[in-house]
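The values are calculated or read from the model by the stated rules, or taken from the named source; none is laboratory data. Because the structure is predicted, anything quoted here is derived from the model rather than measured. Here the Cβ positions follow ideal geometry from the backbone for every residue, glycine too, while neighbour counts run over all protein chains shown. Accessible surface areas use protein heavy atoms only, side chains included; no ligands, DNA or RNA. Shrake-Rupley method; radii C 1.70, N 1.55, O 1.52, S 1.80 Å.
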Amino acid sequence: MKLYDYFLGDWQLTGTSRNSTGPAATMHDTWRFPPLSPDSLLLTENGEMIMGKTAAPLSFWRE
């Protein structure tokens, strides 16, 4: 299997960063790998991060 075939499609990611006092931020996002050419993929990322327990969500996107 080529890496192209493995990564092709949508991926859901969730993560938490921590510091010495506990959880600092939580992130939920989607990575999309649509075909760009016969041998390459394009990465688009779209998600949301929450810093601390009471902060408003921060949306992000990149390509």
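Brief remarks on what is shown
- Of the residues making up the range 14-63, just one is touching a His at 6+ places or on another chain (Cβ under 6 Å) and polar (S, T, N, Q), namely Thr14.
- Taking strands (runs of 3 or more DSSP E) as the structural unit, those lying wholly within the chain and holding at least 1 residues that are within 15 Å of the chain's Cα centre (by Cα), at pLDDT 90 or above and of a type in the set (Ser, Thr, Tyr) correspond to 9-19, 22-33, 44-51, 58-62.
- Number of positions in the range 15-50 that are of a type in the set (Val, Ile, Thr) and open to solvent by 100 Å² or more (accessible area, probe 1.4 Å): 1
- Scan of the range 21-55 for residues that are without any contact (Cβ under 8 Å) to a residue 24 or more places away in the chain, aliphatic (A, V, I, L, M) and in contact with a strand residue (DSSP E or B) (Cβ under 8 Å, 6 or more places away or on another chain), ordered by number: Met27, Leu42, Leu43
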